Amino acid sequence: MPILNFQSMKARRTGSKNAFNYTFGFIALVVVASLGSTLAANINLNSGPVEFGQGVTQATACDNQITVTPYSTFINAPGNAGHFFTSVQLSGIDGSSDHCGGKSFKISAYGSSGLISLYTDTAGTSDQSDDTPHFYWQGTLPLGSNSLVATFSHNADSSYGLAPAQNVVKITIETVPGSGTLYGLTGAGIHDSDGEADSANLYMLTINEGSDFTYELVGALKYNGEQIIHATGLSWDPVDSMFYFVSNDSDSLFKFDPTTATNGEINVYLVGHSNYTPYPDLAFDPTGQLWGWSEADDNLIKIDKTDASIEVFEKDIDTWSTGLASDLEGRIWLKTDTLYLLIDSNGVTGNPQYGRNLPSDRANMLTVDSSGIFWTGARIAGSPNFTEIYKFDISGLSQGSDDIPYTFVGNVPGIRLSSIEFTN
């Protein structure tokens, strides 16, 4: 684990929320060799030329010039007034997809005897309402953004849950191999009110476990200037870093680069037509091979991503509301309310059942995060529309028909997603 000493680096003042004189000394960058995407920057406080409210430029795994600025705030709390550690800002970040865009940053604070609990706002891991200490803040940098702020929550007249600034001796900032960035696509559902298919829009989702997801529109999907409708099967190619999807009203396969969004629109490219029945589910394996599932014929499809030509593998499965995904080993899984293994790690095709009683209401959704956890969902028509998101773990799962335990993660309010996909 190489350690780079930044003691001689000149501090750059970026503004201050305080007139606070607690200082911190040398800056060290720790690069974890076993995780190429992992940054761990250790910022030691209490002696040196840099104060709270000043920024230090750091080299990181995804950008060689990120400015890290810790802040303290004076809180005139009855019986407990003082300066408290309230936030850390990361700025000057390259938010493109091949740098830090979509990366997850984890921030922790240490006192002389170990980790200090940080109650965080809803942009991080939790809040102070449950009286449970949380020892880190974690947030994802949206594509195209150049800054990220970790704010440690408190009431305006209370310092409850905050760390006194003088007790903070070290801050660590790292990128972690967590779930990657989660995207959602609208476009498969039929509105109960007007009978028309939903428009295809791409959203970046922020996971707030136990409460509603937040999200931002990346762009409306347009082909030759026309809005795409009734789209599903969003899948991320780990080789060329492009999204692929299918038009569920035809046999058309499209692709696009999410970083090209301009003025809320994304131009998509037609890969080709398969001359086959529509297939609402897509999944890339780790090698970049694209697979699909046809609900109409209950067949697995091997797709050439250069021209949309296909090879069909017949399966004896009666399916509906399916989801298709590759795990980290390259195995291909199909989900209805039951989980099937279609291709094993040796490339052998079959359809053994690995569990049942998964959420299956109007859901062509299945994706796997970089920790190997499966995520699925159900789109719900109502006033307003929303999408339920669930996750489940198949580690240790053996062939059979036992129920698969799953966890409700939260709702995506206001939109009905046709598919979800992690970019790992």
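Regarding GLY372, is this residue out of contact with any Phe, Trp or Tyr (no Cβ under 9 Å at 6 or more places or on another chain), surrounded by fewer than 18 Cβ atoms within 10 Å (Cβ to Cβ) and at pLDDT 85 or above? Yes: the conditions hold for GLY372. Just one of the listed residues (GLN89, GLN128, GLN138) is modelled with pLDDT of 80 or more and either surrounded by fewer than 22 Cβ atoms within 10 Å (Cβ to Cβ) or touching a helix residue (DSSP H, G or I) at 6+ places or on another chain (Cβ under 6 Å) (or both), namely GLN89. Quick test for you: out of THR232, THR206, THR186, THR214, pick the one residue that is at pLDDT below 90 and surrounded by 22 or more Cβ atoms within 10 Å (Cβ to Cβ). Residue meeting the stated conditions: THR232. Confirm whether SER199 is farther than 16 Å from VAL271 by Cβ and at pLDDT below 85. Against the criterion (farther than 16 Å from VAL271 by Cβ and at pLDDT below 85), SER199 does not qualify. Just one of the listed residues (THR319, THR387) is at pLDDT 85 or above, of a type in the set (S, T, N, Q) and either buried (at least 16 other Cβ atoms within 10 Å of the Cβ) or assigned to a loop (DSSP other than H, G, I, E, B) (or both), namely THR387. Only one entry in PHE313, PHE374 is closer than 27 Å to VAL271 by Cβ, more than 23 Å from the chain's Cα centre (by Cα) and aromatic (Phe, Trp, Tyr), namely PHE313. The set of residues from segment 227-244 being touching a residue at least 60 places away in the same chain (Cβ under 8 Å) and touching an Asp or Glu at 6+ places or on another chain (Cβ under 9 Å) comprises ALA231, THR232, GLY233, LEU234, SER235, TRP236, PRO238, SER241, PHE243, TYR244. All of (1) touching a Pro at 6+ places or on another chain (Cβ under 9 Å); (2) over 30 Å from GLU314 (Cβ atoms) hold for PRO405 with one exception: (1). Restricting to segment 296-307, give me the number of residues that are more than 28 Å from SER370 (Cβ to Cβ) and part of a loop (DSSP other than H, G, I, E, B). Within segment 296-307, residues that are more than 28 Å from SER370 (Cβ to Cβ) and part of a loop (DSSP other than H, G, I, E, B) number 4.
The values are calculated or read from the model by the stated rules, or taken from the named source; none is laboratory data. Everything numeric in this text was worked out from a predicted model, so none of it was measured. For neighbour counting, all protein chains shown are included, and Cβ atoms are generated from backbone atoms with ideal geometry for every residue, glycine included.
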